[in-house]
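The values are calculated or read from the model by the stated rules, or taken from the named source; none is laboratory data. On a predicted model such as this, the values are computed, not experimentally measured, just so you know. Every residue, glycine among them, receives a Cβ derived from its backbone with ideal geometry; neighbour counts consider all protein chains shown. Ligands, DNA and RNA are stripped out before the accessible areas are found, and what is left, the full protein with its side chains, is counted by its heavy atoms. Shrake-Rupley method; radii C 1.70, N 1.55, O 1.52, S 1.80 Å.
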Amino acid sequence: MDKIVIKGGQALHGEVQASGAKNAALPILASALLADGTSTYRNVPDLADVTTMLKVLRTMGCDAERDAEKTDVCQVGVNGHITPEAPYELVKTMRASVLVLGPLVARFGRARVSMPGGCAIGARPIDQHLKGLKALGADIHLTEGYVEATAKQLKGGTVNFDVITVTGTENVMMAAVLARGRTVMENCAREPEVEELARVLNKMGARIEGAGTSIITIEGVDALKPVEHAILPDRIEAGTLLVAAAISGGDVLVKHVVPEHMDALVEKLREAGCTLTAENGGLRCKAPDRLTSVNITTTEHPGFPTDMQAQLMALMSVSQGTSVISENIFENRFMHVPELHRLGADITIQGHTAVVKGVKGLSGAPVMATDLRASASLILAGLRAEGRTDVSRVYHLDRGYERLERKLSGLGADIRREKA
Ligand code: EPZ
């Protein structure tokens, strides 16, 4: 298992490019199942989770590979001989594998997908995914930890989500595009990644309207065709890089972003005292040495993203004042707190709220990553901490960040990856 070693205290300067969005790439790769032939995707981030999704697709009989030379290109070839199953061994390593459920039922009339189980940040049920598929006429049985879904032909219907769910919206949307008739989905997730998936499906011949709003209408079609598409930039990786500039008192241009996808984060960084400006297809963040504490409440998009909560907590741990951070999406997304304590942060948890009293400085120590965004949070804190910080279990980091340590060292950070 690798670890990341950081010597804190360097203000970051320069330019860095965000990679393609993990949370767009995963549903889009699964959507290849909806068409016969080979789809080609560019700007696909080189991440462990993407590798897992390609493996899931290959297990079913797809040709799903990353290009050996152009490592940001992936191709997924789907012919008629697909075994519509996703085994526990793979699904347990990446819950987003459940995104094959909707396409498989829609295209092949059958799916046997392992229940994803919970993960570090919460129980993460998929009841809304199943509610949506049932509304389209699928028969759903849960046996031996697997979801068995069958449908001779899905029919359009009305789906009203009890909970706003990103992958639930995506799964049901991918099922509805081949259902007979009209589907109306209400209380949908509005994330840019949902919009991007709809964009790709429409390029394949689907008829989706309203993606990015809470009501999505879909007219089913008989068949979709393969697609070529470049994945949109990762707003969470880009946001993490902006926070790296902010926590180090630096000046960094993050290129290849869609600023309007990051309004909630940009507003908070400005409120804390950063200067953020849009500059040739990117966002520049210039920060004073010490910022002012701000309050954070995570909500569904376009609110403040839960995937940026841990990173902002690291920043608030060294800001001037007290910050109240409320996590409203997941029930257990404060596991970075005990590790930030080891670096000298002053944080008190009260239910789903964390009270962060800014301290003058942090001091480096060995810490342990517990989940994807927690690992980013600890690296950010290490950039600020006096002395050496070793972040272990960085396999969590590699799920969602493409060579983050290289991107940060390119901006002047004293950071390297070591065999633990
Ligand atoms: C997606 O997860 C993202 N993952 C997550 O990013 C992100 O944190 C999350 O959306 C929220 O924005 C991908 O897109 C691959 P949800 P998802 O369904 O879809 C509850 C990262 O760090 N819920 O929107 O699994 C659920 O328990 C990852 O990149 C149900 O109750 O999240 C949670 O409390 C982490 N029943 C809330 O809804 C359901 O059927 C939101 O979950 C589905 C969800």
Can you pull the accessible area of residue 334 for me, 1.4 Å probe, Å² to the nearest 10? 20 Å²
Mean Cα-pair separation over length for the stretch 22-230, i.e. relative contact order, pairs under 8 Å, 6 or more apart, %: 21 percent
Hey, if you put +1 on the Cβ of every Lys and Arg and -1 on every Asp and Glu Cβ in the chain, which of 278, 378, 77 ends up farthest toward the positive end of that dipole? 378
For the stretch 22-230, give me the percentage of DSSP beta bridges that are antiparallel, rounded to the nearest 5 percent. 70 percent
Electrostatic dipole magnitude of the stretch 181-339 [Cβ: Lys, Arg +1; Asp, Glu -1; Cα centre; debye, to 20]: 280 debye
Along the charge dipole of the chain, Cβ charges K/R +1 and D/E -1, which of 164, 121, 232 sits furthest on the positive end? 121
Gap separating the Cα centres of the stretch 129-175 and the stretch 301-330, nearest whole Å: 33 Å
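Can you give the Rg/Rh ratio of the stretch 280-403, where Rg is from the C-alpha atoms and Rh is the Kirkwood radius? Write out the running numbers ahead of the final one.
Numbers: Rg = 13.9 Å, Rh = 14.7 Å.
Rounded to two decimals, Rg over Rh is 0.95.
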Rounded to the nearest 20 debye, what is the charge dipole size of the stretch 34-98 about its Cα centre when +1 sits on each Lys and Arg Cβ and -1 on each Asp and Glu Cβ? 180 debye
Check residue 328: other-chain or 5+ apart residues with amide H under 5 Å from its amide H, H built from backbone geometry? 298
Applying 1/(1 + (r/R0)^6) with R0 = 45 Å to the Cβ-Cβ distance of residue 1 and residue 158, what FRET efficiency is obtained, to the nearest 0.05? 0.40
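Compare the peptides 293-301, 33-41 by average per-residue count of other Cβ atoms within 10 angstrom and give them in order, highest first.
Numbers: 293-301: 18.8, 33-41: 20.9.
The densest-packed peptide leads the list: 33-41, 293-301.
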With labels modelled as points extended 7 Å from the Cα through the Cβ direction, what inter-label distance (nm, one decimal) is found for residue 395 paired with residue 70? 3.2 nm
If you take the C-alpha gyration tensor of the chain, multiply each eigenvalue by 5 and take the square root, what semi-axes do you get, largest first, in whole Å? 38, 21, 20
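Express the accessible area of the chain per residue in Å², computed with a 1.4 Å probe while the remaining protein chains stay in the model. Don't jump to the answer; show the numbers that get you there.
Details: 15780 Å² over 420 residues.
Accessible area per residue: 38 Å².
Report, in deg cm²/dmol and to the nearest 500, the calculated mean residue ellipticity at 222 nm for the chain, where each DSSP H run with n ≥ 4 adds -39500 (n - 2.57) and the sum is divided by the residue count.
On the way: 14 runs with 127 residues, N = 420.
The helix-only estimate for the chain comes to -8500 deg cm²/dmol at 222 nm.
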Roughly how big is the chain's charge dipole about its Cα centre, with Cβ charges of +1 (Lys, Arg) and -1 (Asp, Glu), in debye to the nearest 20? 320 debye
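Mean separation of Cα pairs under 8 Å and 6+ residues apart, divided by the residue count of the chain: what relative contact order is that in percent?
Values: 1078 pairs, mean separation 89.1, N = 420.
RCO, the chain: 21 percent.
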Whether the stretch 22-230 is rounded, prolate or oblate, judged on the alpha carbon gyration tensor where a/c under 1.5 counts as rounded: rounded
Accessible area of the chain with a 1.4 Å probe: how many percent of it is carbon plus sulfur? 48 percent
Antiparallel %, DSSP beta bridges [both residues in the chain], to 5: 70 percent
Which loop trypsin sites (Lys or Arg not before Pro) in the stretch 25-104, with loop taken from DSSP, have no more than 11 other Cβ atoms within 10 angstrom of their Cβ? 70
